[in-house]
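Input: a single structure, listed below in structure tokens.
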Amino acid sequence: MTRAAKLKKAIRERARKTGESYSAARRQLLKKRAPDVPAAAPPTAQEPAAPRGATGAVSDAACRERTGFGLDHWFAVLDALNTDIGHTAAARHLREQHGVGAWYSQGITVAWERARGLRQVNQRATGTWEVSVSRVLPRECAVVVAVLRAAEPRQGWLTGAPADLARALRAGLSAKGSRGLVEKPTGAVLGYRQGASRVEWRLTARGQKAVVSVSHMRIATRAEMEERRGQWRALLDALRAALA
């Protein structure tokens, strides 16, 4: 039986005996196991201590509530591994060897990577960058979808946009079926390639308004990522103005 399976069995047995919830029983068992985990090394000039709640991945408070320990504890666990282990293996170690849930094993690993200088905000484990920009639009989703699909109105709010961004967006909006703009019960989605990167649009209904969120992924450099952030902000502002 693996360590994770043993932990789950022990949690269920404790919950059955004490009447605690599964989460409460898990926290108590993990606290008892704390001595088995190496203490965090004191911070040095090369390895600064992680600011609590400021990692951008998962907060210390949420981590403590859901796992029974704060980020310092889990950073110590990962510090005991080789920092070259890679994101996937580090998250798997937390999940399989320490019983951390899938979502939090990912979030803790990202926080650790940022704290140790292995990854920056907006940077993926692959080394590429991504940025997301959102705006609240003054019209319902159905109206926004109609404006996006209409070629003539599109010319107005796309005027001045970078040529590669506008060209890729037009191609995505012109695609048919599941490859184009797809309406959902709660909004709409659109995904397409822009060179080596990928762009995803999501529209979400919010009463008489709509929220649009654009994610530009697989960007090669941080400088390009920051440039794309400004371009998408300008474009979504133009779309919002056209709908006003």
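The values are calculated or read from the model by the stated rules, or taken from the named source; none is laboratory data. Note that the structure is a prediction, hence the values are computed from the model and not measured. All Cβ positions, even for glycine, are placed from backbone atoms using ideal geometry, and neighbour counts span all protein chains on display. Keep in mind that these areas ignore ligands, DNA and RNA; they rest on the heavy atoms of the full protein, side chains included. Shrake-Rupley method; radii C 1.70, N 1.55, O 1.52, S 1.80 Å.
Counted by Cβ distance under 9 Å from residue 210, the other residues give a net charge of +2, where Lys and Arg count +1 and Asp and Glu count -1.
Ranked by the mean number of other Cβ atoms within 10 Å of their residues, highest first, the peptides 146-153, 207-214 fall in the order 207-214, 146-153.
Legend: calculated FRET efficiency, residue 193 to residue 64, from the Cβ-Cβ distance at R0 = 35 Å, rounded to 0.05, equals 0.30.
Using a 1.4 Å probe over the heavy atoms of the protein chains, calculate the carbon and sulfur portion of the accessible area of the stretch 194-244 as a whole percent. Intermediate values should be presented prior to the final figure.
Details: 1250 of 2610 Å².
Roughly 48 percent, rounded to a whole number.
Applying 1/(1 + (r/R0)^6) with r as the Cβ-Cβ distance of residue 18 and residue 80 and R0 = 35 angstrom yields a FRET efficiency of 0.70.
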